[in-house]
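The values are calculated or read from the model by the stated rules, or taken from the named source; none is laboratory data. Note that the structure is a prediction, hence the values are computed from the model and not measured. Backbone-built Cβ (ideal geometry, glycine too); neighbour counts: all protein chains shown. Surface areas here come from the heavy atoms of the whole protein model, side chains and all, with no ligands, DNA or RNA. Shrake-Rupley method; radii C 1.70, N 1.55, O 1.52, S 1.80 Å.
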Amino acid sequence: MINRPTRLELDQNWFMVISASGQYACAGDIAADSPRFPAIVPGTVARTLTAAGRFDPANPAKISDRDFWYLTSLEGERAGRAILCLDGLATIAEVYLNDELQLSSDSMFAVHEIPVRLTGKDNLAICFRALDPHLAQTGPRARWRPQMITPSGMRLVRSTLLGHMPGWCPDIDAVGPYRPISIRREGDYLIDDLRISSGLGDDGEGLLDISFVFSGKVGDLKITCGGETTPVMISEDGRLHAHLAIPSIKPWWPQSHGDPDLYDIWLHLDGYDHLLGRTGFRNIAIDRDEDGQGFAIRVNGVNIFCRGAVWTNADITSLPGDRESYSGFLELAALAGMNMIRIGGTMTYETPEFYALCDELGLMVWQDFMLANFDYPASDPAFCDRIAAEAESLLKRLQGAPSLVVLCGGSEIYQQAAMLGLPRKFWAGPLTEEILPGVAEALRPDVIYIPNTPFGGDMPFLPNTAVSHYYGVGAYCRPLDDARRANVRFAAECLAFANVPEQASLDNCLAVPAVHDPRWKARVPRDRGASWDFEDIRDHYLAELYAVDVMRLRREDPARYLDLSRAASGEVMQATFSEWRHPKSSCRGAMVWTLQDLLPGAGWGVIDSTGLPKPAWHALKRAFQSLQVILTDEGTNGLYVHLVNEHDRGIDLTLDIAALRDGSQVAVSGTKALLLAARSSLSLAATDLFGAFFDTTYAYRFGPPAHDVTIASITIDGQSQPLSQAFHFPRGRAAAFHDARLEASLQRDDDGWFIDISTDRLAQSVHLAFENHLPSDNWFHLAPGSPRRIELAPIRGADPDTHPVGEISSLSGRQVIRL
């Protein structure tokens, strides 16, 4: 019988003691009468203090000036040799076993394995030292200092920048054992330094290469994957290797373009089956376009329009790394049609559970290394060694994960220096252009590496070359057509707005008089030192879209102001992605800033801090469809209709287009049946469907406008519900407001609850507010003669048999339907 390696999670019976900085040298010095209270492991100091009623995440107290001791007893554990595994200690930590120092760690991103000998009567203590003395260290002189991060000493500390960006997130310091602690006992064998490389061959076969270090008696070893088995070979360097060619493998695709098929990898060891890991088979490459200035990600030979959002964190108070904490946010990302998540350099590394979910959901991951904005001491060998070690640790844990497609040397380092007028020799250096790409090539050669984001061209931040952070539409208040004029190639972040949550979230989680209370503004993100915040940015576009006096509306009708605000950011996002996704666009991808909020309120996230979608999420869901119709205003060239099919099969569909006057009277219409080929797009002039000239964009202005909205729809034969719709407002959305009369009925079938909704004339931003249920679409425009069926799914944790209760309304009139 084989004695397997075992792991004991140390997640119970921890206690915390708080002391002044440097008060105790070791756990044995702690006064016997010092207050002790239960500590949460894995978790942070902030999480433990919150549970004890001594910390308010909404108004965080300073904790970087004290020491925090985590204490537990290992009495009763079997004596003998063991490995103490510490997966993440934030940030300056000392580990003691029976008052003997075992480890000093100065990086929250380091993973440690400490050989120890247990006696059966052991005490384990971890001291998290005050961060302030380390932040006060000067180090090599910096050539620039970023405005958004405080204090400047953070450039020398290997810790997340979350909590150190005023105006961006709560000031909650990352302190504590935020990743699991365990004891590993060796068995008859040990598998170490596992390398998994999977890809696709020219004939579509899956190619799998496995290597690892094996400690123990080598018996009959075989590898199985995808129904194929091969023996393990021993090389001269002592590593074990196996190669598999798996015929007719199902490739891994981002979920927008296919199925994310995964395969288990098994090691057969003398009759015992050991799961080595899981992988998907795909090939990744970059297409730089014909001019060499583009940036398109190719998966399995297909250019993918990458769309998604920047990940912040599942919970800044506790920095969780478990599957349950991730799943709600990532499942909503996939449900919205996203195919990529970016983890930016200002955040923190997530666990393999995060990647496993992305593997399963078909979400590609763009992973920055945790470097951002600062002039890091790249000439310090010790600092570079720490960065290399944390990169190696990350990539060794992510062997075989097909979702990892981009590794990036950090965020806005090059941009920060370039915008201050410094030459390229000051931005770039061995850290991002030699050390990190070397680690990436050694451990994940199947993944794209770029040195920084933004990146490319003479100035790294210009949007018309390679990778940019595009805020022309957004923070810079440029008109909507700037999204086209800027010739964006790939936006690793974009479209930051103070997105207003649904009213139920505000009522439940932010009990303040909305918009008139200082506590409302305290939750609105801002750039440090700026004279404006991101609500001001949203208000700018609200005024542009709806032709209202925003300040007066905010004072006199705050409920209407909030509803228009909810619609506005989503409308801007949808219009911008329409410019970027049509066939002639230069753009190959864009990540919205950000996926989720860290606190209740009008934050950047398109998902609120409770895990519920905001109105902007629904707009992105419509903009991210794999089969889609798009309308673009080409001025005197008229209105153009664009069709996009990202599926791997051709689709027969019917395209309908109609221009309406007064929201209901058809001024002109057209229809066309066509086959949209697999992985293809098509552009048509609206006049081609009308069969005659019609001033769809109201560019020629021959007399008063003949219509106020044009609606394009695509349907499949036999289905009345449109698969996708696009709306164009030649005179603006305000001119297309009509007192629409909605009709709605709530029904149930074997699949669940749904609502059939219709209108007598155009109804803008129809919204459904239902307790405990999430509508399949929301804040959508509804055309007359085109009823919609909206499915209602129970929110996470709700009873699926609960009868939906809620109301329906729109921005077009004051009608409210209660069901």
### Task
Give me the distance between the Cα centres of segment 93-163 and segment 591-620, rounded to whole Å.
32 Å
### Message
Could you put Thr230, Thr119 in order of accessible surface area, largest first, with the 1.4 Å probe and the full protein assembly present?
### Response
Thr119, Thr230
### Query
If ligands, DNA and RNA are left out, what is the accessible area of Glu412 with a 1.4 Å probe, given in Å² to the nearest 10?
30 Å²
### Summary
Inter-part gap, Cα centre of segment 257-320 to Cα centre of segment 52-75, in whole angstrom, is 37 Å
### Task
Work out the length of the dipole vector of segment 73-224 about its Cα centre, built from +1 on the beta-carbon of each Lys and Arg and -1 on the beta-carbon of each Asp and Glu, and round it to the nearest 20 debye.
560 debye
### Task
Relative to the longest principal axis of the C-alpha atoms of the chain, give the angle of the C-alpha long axis of helix 558-581, reported between 0 and 90° and rounded to the nearest 10°.
90 degrees
#### Entry: Nearest-0.05 FRET efficiency for Arg143 and Asp237, computed from C-beta distance (R0 45 Å)
0.60
### Message
For the full complex of protein chains and a 1.4 angstrom probe, list Val766, Val805 by accessible area with the highest value first.
### Response
Val805, Val766
### Task
Report, by chain and number, residues whose modeled amide H sits under 5 Å from the one on Gly400, excluding near sequence neighbours (fewer than 5 apart, same chain).
Ile196
### Message
If you filter segment 160-217 for trypsin sites (Lys or Arg not before Pro), then keep DSSP loop positions with at most 10 other Cβ within 10 Å, what is left?
### Response
Lys217
## Note on the structure
Taking 0.36 nm per residue of separation between Leu275 and Cys477 and subtracting their Cα-Cα distance, the length gained on full extension comes to 67.5 nm
### Task
Select from segment 578-673 those trypsin sites (Lys or Arg not before Pro) which occupy a DSSP coil region and have at most 15 other Cβ atoms within 10 Å, ordered by residue number.
Lys584, Arg649
### Task
Take the solvent-accessible surface of the protein heavy atoms, probe 1.4 Å, and return the percent of it on the chain that carbon and sulfur atoms account for.
48 percent
### Query
What distance in nm separates the simple spin-label points at Ser73 and Glu743, each placed 7 Å from Cα in the Cβ direction?
7.4 nm
### Message
Using the Cα centre of the chain as the reference point, and only Cβ charges (+1 on K/R, -1 on D/E), how large is the resulting charge dipole? Debye, rounded to the nearest 20.
### Response
1560 debye
### Message
Given an 8 Å cut-off on Cα distances and at least 6 residues of separation, report the relative contact order of segment 748-819 as a percent.
### Response
35 percent
### Query
Using a simple spin-label model with points 7 Å from Cα along the Cα→Cβ vector, what separation in nm is obtained for Asp315 and Asp717?
5.3 nm
### Task
Any chance you could look up the accessible area of Phe770 with a 1.4 Å probe, heavy atoms only, rounded to 10 Å²?
20 Å²
### Residue-normalised accessible area of the chain, given per residue in Å² at a 1.4 Å probe
40 Å²
### Message
Give me the percent relative contact order of segment 419-517, please, defined on Cα pairs under 8 angstrom at least 6 residues apart.
### Response
18 percent
### Query
Taking the Cα-to-Cβ direction at Lys672 and at Glu100 and moving 7 Å from each Cα, how far apart do the two end points lie in nm?
8.0 nm
### Summary
Among Trp266, Phe305, Ser327, the residue whose Cα sits farthest towards the positive end of the charge dipole of segment 245-346, when +1 is placed on the Cβ of each Lys and Arg and -1 on the Cβ of each Asp and Glu, is Phe305
### Message
Can you pull out the chymotrypsin sites (Phe, Trp or Tyr not before Pro) in segment 458-537 whose DSSP state is coil and whose Cβ has at most 16 other Cβ atoms within 10 Å?
### Response
Tyr476, Trp532
#### Entry: Extension reserve of the Asp220-Asp662 stretch, reckoned as 0.36 nm per residue once the Cα distance is removed
151.3 nm
### Message
As an exercise, use a Förster radius of 41 Å and the Cβ-Cβ distance of Ala734 and Glu433 to find the FRET efficiency, rounded to the nearest 0.05.
### Response
0.20
### Task
Over all alpha-carbon pairs in segment 238-280, figure out the percentage whose distance exceeds 13 Å.
69 percent
### Message
Could you tell me the calculated FRET efficiency between Phe37 and Thr636, based on Cβ-Cβ distance and R0 = 56 angstrom, to the nearest 0.05?
### Response
0.20
### Query
To the nearest 10 degrees, how steep is helix 323-335 against the longest Cα principal axis of the chain, on a 0 to 90 scale?
20 degrees
### Task
Work out, step by step, the length gained on full extension between Ala52 and Ala530: first 0.36 nm times the residue separation, then minus their alpha carbon distance; give nm to one decimal.
168.4 nm
### Message
List residues of segment 601-645, by number, whose backbone nitrogen lies under 18 Å from a label position 7 Å along Cα→C-beta of Ala522.
### Response
601-604, 609
### Query
Angle, helix 381-397 long axis vs. longest principal axis of the chain, Cα atoms, 0 to 90°, nearest 10?
70 degrees
### Task
Post the alpha-carbon centroid distance, segment 401-428 to segment 676-698, in whole angstrom.
41 Å
### Query
What size of dipole, in debye to the nearest 20, comes out for segment 498-621 about its Cα centre when the only charges are +1 on Lys and Arg C-beta atoms and -1 on Asp and Glu C-beta atoms?
340 debye
### Message
Could you work out [θ]222 nm for the chain from helices alone, using -39500 (n - 2.57) per DSSP H run of at least four and dividing by all its residues? Round to the nearest 500 deg cm²/dmol.
### Response
-5000 deg cm²/dmol
